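Please read through the structure below; I'll follow up with questions.
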Amino acid sequence: MLYHVYELNHAAIAPLRSFIEWQRLMFDQPWNPWTQSWPYKTAAAAWDVFEHLTRRYGKPAFGIENIDVDGVCCAVTEEVVWRGPFCDLLHFTRDPARLPDSHRRDPRVLLVAPMSGHYATLLRGTVHALLPDHDVYITDWADARTVPLTLGGFDLDDYVDYVIDMLRHLGPDTHVIAVCQPGPAVLAATSLLAADEDVCTPASMTIMGSPIDTRKSPTEPNRLATTRPLDWFERNVVMPVPFPHTGCMRRVYPGFLQLTGFMTMNLDRHMNAHQKLYQSLIRGDGDSVQAHREFYDEYLAVMDLDAAYYLQTLRVVFQEHQLPRGEMCHRGRLVEPAAITNTALMTVEGEKDDISGIGQTQAAHDLCVNVPPAMKVDYVQAGVGHYGVFNGSRFRTEIAPRMRDFIRTHDRP
């Protein structure tokens with residue numbers, strides 16, 4: 001019912017949005033003497049903020065058209081190289097004719113994006129930083145409300161299967177990077193491949209800001225996950241997708257509920273950001289307005305999660321802590337990180353991370369007991385929160401170079 005109310009509210013304000021757009025169009029005409037007046041500027045700023053907050057944001061584009069490789073501008077194209085009902089594997093192909101050395105072999109990297117509300121484009125900055133020195137692939141997860149019910153469900157076991165299938169598709173000597181939520185699934189997939197002595201076991205595994213063991217330095221989201229039994233979440237946040245979406249009747253954890261949770265965690269910060277947007281619009285500060293829009297166009301674009309995946313992840317990772325307790329199973333088979341012996345391991349955490357606290361990602365080292373110490377790296381970035389672990393200036397200048405050196409050190413030519 002709540003999903004239907006959300007859709008009804010969106011439809012109800014559509015006439016008001018149209019009226020505001022008409023007002024803006026009238027006042028923006030060059031012949032209108034009121035265009036540069038203070039009353040109009042304040043009204044136009046209010047209309048802009050209203051439009052920004054009530055818009056439905058679709059899936060953003062990566063928009064990476066070229067990169068700088070050793071001082072040479074190299075064109076980049078996107079290509080889907082593997083498909084599943086809930087995910088496409090996207091390859092960022094660099095123009096070999098524009099690479100400084102057309103025969104160079106950069107390490108092949110599978111970047112596993114979080115499936116936790118936002119689209120994979122949230123890692124646009126991560127991809128851009130990796131591309132000059134790596135052959136980059138990324139998991140482009142689908143919005144569950146767009147997946148027809150006839151294509152079946154999707155849970156944490158399916159997630160692990162997808163990671164394994166993509167690693168096998170890419171072949172031996174691939175390096176895998178898990179950003180935030182996929183850490184446990186990637187560690188499980190690597191453990192299973194290693195136990196099978198599969199040649200496609202990753203050459204290295206980098207886990208960033210991830211809930212490997214949420215008992216360590218629990219954060220507010222971690223505590224929230226344990227304050228209610230699993231059936232409470234199923235009753236209160238899981239609901240069917242309404243008509244006319246393609247995934248009609250699929251049970252999901254809706255994106256708009258996830259966004260509500262994201263916003264309320266730092267409500268004052270978001271309110272202040274939109275007050276500053278209003279003031280910047282009045283002043284005509286285009287740079288500040290553009291920076292705000294670039295961030296929130298991404299932040300406010302959210303997707304639904306299949307209920308089976310959401311509930312299983314909540315139970316296995318956040319409530320029962322099955323992986324660090326040695327109890328996690330994949331389709332009845334015990335997941336044993338101790339089976340990993342020849343995959344290098346790097347963990348990255350943010351000093352001020354309020355999503356995955358200090359020690360939660362580092363716990364992977366305690367589980368991978370048979371990875372030699374010389375193949376392990378643990379790095380904590382000072383002064384950054386969760387987002388800064390994989391994006392921003394500190395990531396580009398301090399974290400990404402360390403990841404590059406780690407991957408190249410353990411690459412298998």
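Starting at the first residue of segment 174-184, write each ³J(HN,Hα) from the Karplus equation 6.51 cos²θ - 1.76 cosθ + 1.60 with θ = phi - 60°, in whole Hz, x for Gly and Pro.
7, 9, 10, 10, 10, 9, 6, 3, x, x, x
Points 7 angstrom from Cα along the Cβ direction at residue 408 and residue 150: gap in nanometres?
Here the answer is 5.1 nm between the modelled labels.
Could you rank the peptides 237-245, 168-176 by their average count of other C-beta atoms within 10 Å per residue, with the highest value first?
168-176, 237-245
May I ask you to evaluate 6.51 cos²θ - 1.76 cosθ + 1.60, the Karplus curve with θ = phi - 60°, for each residue of segment 398-408 and list the ³J(HN,Hα) values in order in whole Hz, giving x for glycine and proline?
Taking θ as phi minus 60°, the curve returns 10, 7, 4, x, 5, 5, 4, 5, 5, 5, 5 Hz for segment 398-408.
Consider a paramagnetic label point 7 Å from the Cα of residue 325 along Cα→Cβ; state which residues of segment 228-249 have an amide N under 16 Å from it.
Under cut-off, by backbone N: 228-231.
We did not get these values from a lab; they are worked out from the coordinates using the rules stated. Everything numeric here is computed off the predicted structure, so don't read it as measured data. FYI the Cβ positions are ideal-geometry reconstructions off the backbone, even for glycines, and counts take in every protein chain you see.
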